[in-house]
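In what follows, a single structure is set out as structure tokens and then discussed.
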Amino acid sequence: MASSRDSASVASTTFRDILGRVAGGEVVAPEQVKVALDAIRSGGVDEIPAIAFLTGLYMHGRILADPVELEVELRNRAPAGETSDAQPGNTVPATPAMTPEFREILDWTLAGHALDADMAQVAFDQIMDGQIGAGGLAAFLTALHMRGETVTELEAAVRAMRARMLAVPGMPENAIDVCGTGGDGLGTLNVSTAVAFVLAALGVPVVKHGNRALSSRSGATDVLLELGVPLPVDHGHIGGMVAEHKLAFLSATNHHPAMQHVGAVRRALGFRTIFNLLGPLCNPAGVTRQMVGVFSPDWLDPMVRTLQATGSARVWAVCGDCGEGRFIDELTLAGPNHATVLEDGQVGSLIVEAGKAGLEPRPISAIAGGSPVHNARALHDLAHGARGAYRDTVLLNAAVALHVADRKHNIIRGGAIDYTALRENIRLAAGVLVENGRVAAVLDAVRSFRTDMSNRVTG
């Protein structure tokens, strides 16, 4: 006989599946909607996913009531800010009620309208200052996700986040960041983190910005903590790591304290939000060379133009086509790769094909990831000579990143990819990854850097 815990787990999984499809814009059968609503009424669903689901129904025109107020009614709770949710396992703290200005902005967003620059700035300034309750924030982020975020909204969010970040001055002018948005839902091994070690082994200074997993199982910060790699906060320690090893990792939670106001809601939602886009746009070290992985080709041009407007010199935003309508925020072996690039002040588009670079095509399942322990072990083995699809994916991304860093061979000729040059960059990356152990040496060195320094991650 199944236990009540087993039944609750099945119910939770069922609700999450229905929520994911509603938030993704799918039409869900009436009987499935009833199942989800019954779960909410019975108290089997926490506040944030419940509000997200009701917001989805509202955006689809299947309910008329306000999602935040309806959730309170269904769950028989006081409005947000008066009490916290006492459901076991709920990690969303009590938060203040939304301001009158945000209430108007939320209503406008729920009606499917885009925000103008002033409305967007008010919204994200108040979110970053912790003035918005968890319920209102969940409804707002879900509505943006379903309607589709605009460039105006993204730029306002970037301004709000940068204004509150703890910047890291004094980094090398030629430093690079390799960072993905996440949010592709594919749960792969950590590619850009591995690329950072390869670049450092080749002498390229890397100041990589990353975060814990929020809409995936294992983020960059999770893997680095598992490997014992320090994530320093002090500017001196960060500068020392870069000077000694050409590499430092900046945890978003250390440098963006304002994100404490959104982290719990993001985790509870479990799907991609506008905040996935912000990480690569808000590197605390102010790097001007970036290779940004993006979860959808629709966001390649906006990401590049936003970085161009904020001072970046060379940017590649990349998105891999995995087939069947799936995209990944890395260059992939599974299909053609779309890239929007900023070079010499000009923005253009390219296609990168792994097969033409001499790498064997492989399905995205070949680099499926798992827990932080699983992904950390894979990265460790990669650094010590393991071969396969993970290695080849890292080599492809590292080869392009060498170009973005303006090191080694220029891979653009006549407005297209020069595959001879790209192959040469792949060969260089393979040399430090497999043949001479330099990547493993970098990994070991940064793990032992300042052993007296605590490996601090806040948030």
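The values are calculated or read from the model by the stated rules, or taken from the named source; none is laboratory data. All values derive from a computational prediction rather than experimental measurement. Positions of Cβ are generated from backbone atoms using ideal geometry, with glycine treated the same way; all protein chains shown enter the neighbour counts. Each accessible area value is taken on the protein alone, full model and side chains, heavy atoms only, with ligands, DNA and RNA left out. Shrake-Rupley method; radii C 1.70, N 1.55, O 1.52, S 1.80 Å.
Where in the chain is the longest stretch that carries no GluC sites (Glu not before Pro) classed as loop by DSSP and with at most 12 other Cβ atoms within 10 Å?
Numbers: sites that count: Glu26, Glu82, Glu173, Glu324.
With a cap of 12 other Cβ atoms within 10 Å, the longest stretch comes to 174-323.
Pairs of alpha-carbon atoms within less than 8 angstrom and 6+ residues apart define the contacts here; what relative contact order does region 259-333 have, in percent? Working shown, then result.
Numbers: 83 pairs, mean separation 21.0, N = 75.
The normalised contact order for region 259-333 reaches 28 percent.
Which value, in Å² and to the nearest 10, is the accessible area of Lys408 when all protein chains are kept and the probe is 1.4 Å?
110 Å²
Quick check on region 339-459: take the gyration tensor over C-alpha atoms, sort the square-rooted eigenvalues as a ≥ b ≥ c, and tell me if it's rounded (a/c under 1.5), prolate or oblate.
Numbers: a/c = 1.85, a/b = 1.56, b/c = 1.18.
Note, shape of region 339-459 comes out prolate.
Obtain the nm distance between the two label points defined at Asn410 and Thr99 by a simple spin-label model: each point lies 7 Å from its Cα along the Cα-to-C-beta direction.
Output for this residue pair reads 4.9 nm.
Would you calculate the separation in nanometres between label points at Val373 and Glu69, each defined as 7 Å from the Cα along the Cα-to-beta-carbon direction?
4.9 nm
Starting from the Cα gyration tensor of region 188-259, take the square roots of the eigenvalues, sort them a ≥ b ≥ c, and report rounded, prolate or oblate (rounded when a/c is under 1.5, otherwise prolate if a/b is larger than b/c, else oblate).
Numbers: a/c = 2.14, a/b = 1.21, b/c = 1.78.
Verdict is oblate for region 188-259.
Can you run the Rg to Rh ratio on the chain? Use alpha carbon positions and the Kirkwood inverse-distance Rh.
Values: Rg = 22.2 Å, Rh = 22.8 Å.
Radius of gyration over Kirkwood radius for the chain works out to 0.98.
If packing is taken as the mean number of other Cβ atoms within 10 Å per residue, what is the order of 111-123, 50-62, 379-391, highest first? The partial results should precede the final answer.
On the way: 111-123: 16.4, 50-62: 23.3, 379-391: 18.4.
Put in order of decreasing packing, that is 50-62, 379-391, 111-123.
Once every DSSP H run of n ≥ 4 in the chain is given -39500 (n - 2.57) and the sum is divided by its residues, what mean residue ellipticity at 222 nm do you get, rounded to the nearest 500 deg cm²/dmol? Could you put the intermediate results ahead of the total?
Values: 19 runs with 211 residues, N = 459.
Rounded to the nearest 500, the figure is -14000 deg cm²/dmol.
Could you pull out every residue, at least 5 positions away or on a different chain, whose amide H is within less than 5 Å of the one on Ile176? Hs are placed 1.01 Å off N in the peptide plane, and Pro or chain starts have none.
For Ile176, the qualifying residues are Val206, Val207.
Calculated FRET efficiency, Glu424 and Trp108, Cβ-Cβ r, R0 56 Å, to nearest 0.05?
Details: r = 53 Å, r/R0 = 0.94.
Calculated transfer efficiency: 0.60.
Starting from the Cα gyration tensor of region 242-381, take the square roots of the eigenvalues, sort them a ≥ b ≥ c, and report rounded, prolate or oblate (rounded when a/c is under 1.5, otherwise prolate if a/b is larger than b/c, else oblate). Intermediate values should be presented prior to the final figure.
On the way: a/c = 1.40, a/b = 1.10, b/c = 1.27.
Cα axes put region 242-381 in the rounded bin.
In the chain, carbon and sulfur make up what percent of the accessible area (probe 1.4 Å)?
Numbers: 9100 of 18280 Å².
Here it works out to 50 percent.
Before anything else, pin down the relative contact order of the chain: Cα pairs under 8 Å, at least 6 apart, normalised by residue count, whole percent. Display every interim value, and only then the final one.
Details: 862 pairs, mean separation 69.3, N = 459.
Averaging sequence separation for qualifying contacts and normalising by length gives 15 percent for the chain.
Quick one: if you stick a label point 7 Å off each Cα along the C-beta vector at Arg62 and Val35, how many nm between them?
Modelled inter-label distance: 1.2 nm.
Please give the FRET efficiency for Glu173 paired with Glu324, using the beta carbon to beta carbon distance and R0 = 45 Å, rounded to the nearest 0.05. It would help to have the intermediate numbers written out before the result.
Values: r = 42 Å, r/R0 = 0.94.
Working from the Cβ atoms, E equals 0.60.
Could you please state, rounded to a whole Å, how far the C-alpha centre of region 254-292 is from the C-alpha centre of region 156-194?
So the two Cα centres are separated by 7 Å.
Just the accessible area for Arg159, please: 1.4 Å probe, Å², rounded to the nearest 10?
120 Å²
Count the DSSP beta bridges whose two residues both fall in the chain, then state the antiparallel fraction as a percent rounded to the nearest 5.
Approximately 55 percent, going by the DSSP bridge assignments.
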